[in-house]
Amino acid sequence: MDEQPESATEPLDPGRPLDQRAELSEFLRTRRARLKPEDVGLPDFGRHRRVPGLRREELAQLAGVSVAYYTRLEQGNGRNVSAEVLDAIARALRLSDAESSHLTHLAKPKQHKKKSSTPAQHVRAPLRQLLDSIDTVPAYISGRRTDILVWNRMAAAVFGDWSELPPQERNWARLVFLRPEYRDLFVEWEQKAADIVSMLRMDAGYCPDDPRLSALVGELSVKSEEFRRLWATHDVKEKTYGVKRLLHPLVGDLTLHFEGFRLSDGSEQILVTYHAEPGSPSADALRLLASWGTDATRAGASADRPGLTP
């Protein structure tokens, strides 16, 4: 019998920790729902399916496990599940590398010592010096929960002077979902928003007992209907390169390529850089912003978007 889908778009309690069992259950259910029998070479005999996608029985068949075993796993009981079974389920669900890693974290969470607060995120001094030495390329380092930790002058010129914000507000999720000026800045705002939520989902799988992450997700789900909708999709991915189109308040259209480099020092930090195609109008615009220096800040302060003052 088909199981009835559950609603997952209600606001979350900002003070309530993320439920690891519920996260595992919803992730598996949503991954199963996006597959059809014909996608995986199974016949579709059921003309009246009450849920989208594969049934649990069909997924269990593909993964080579019993229906009862898979049902327990999808109900959030991932204790003692083997790596081999998780790999089989990941293959049956056609998960990406990021999704497979997320499934492993959800089903077999690391034993973190519970703490009353999350330790502060520190950026090594040589990395700060590196950012300061990059004069023509916008660059910043982000950490857990999409926190923006340090940035260079060109990043401030393109994305706004984050030093004007309280430290707790220097966070991509807060900026994208709660500040209208960033909706104007990103031409494909919906894609940027989806990328941010995917990153938070990965953090939730890796550090489920992070109280600051739980509080952030709860606050955003209360304040933003769009965040609730994207959070309910349970999509995860690690986007380390691509193109972003911006509408800058001072120089207009910008098309920038970005590269993300995950640091290998165990800090969970990512160095992100942006650059324009040589000889393009965007490259000229970046050079203009670089030549303005601190004058760009004063010019931006008089623009119509005070929250985005380069």
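Just so it is clear, none of the values below were taken in a lab; they were calculated from the coordinates. Values in this document were obtained by computation on a predicted structure and should not be read as measured data. Backbone-built Cβ (ideal geometry, glycine too); neighbour counts: all protein chains shown.
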Here the net charge surrounding MET154, from other residues whose Cβ is less than 13 Å away from its Cβ (Lys, Arg +1; Asp, Glu -1), is -1
Mean Cβ-within-10 Å packing, highest first, puts peptides 133-144, 271-282 in the order 133-144, 271-282
Ordered by fewest other Cβ atoms within 10 Å, a rough proxy for footprinting exposure, TRP172, TRP162 read TRP162, TRP172
Whole-Å distance linking the alpha carbon centroid of the stretch 252-279 with that of the stretch 153-173 is 15 Å
Packing-ranked peptide list from 123-131, 57-65, highest mean Cβ count within 10 angstrom first, is 57-65, 123-131
Cα extents of the stretch 152-204 along the principal axes, largest first, in whole Å, come to 29, 24, 19
Ranked on Cβ counts within 10 Å of their own Cβ, fewest leading, SER163, SER224 go SER163, SER224
Most exposed first, judged by fewest Cβ atoms within 10 angstrom, GLU268, GLU219 run GLU268, GLU219
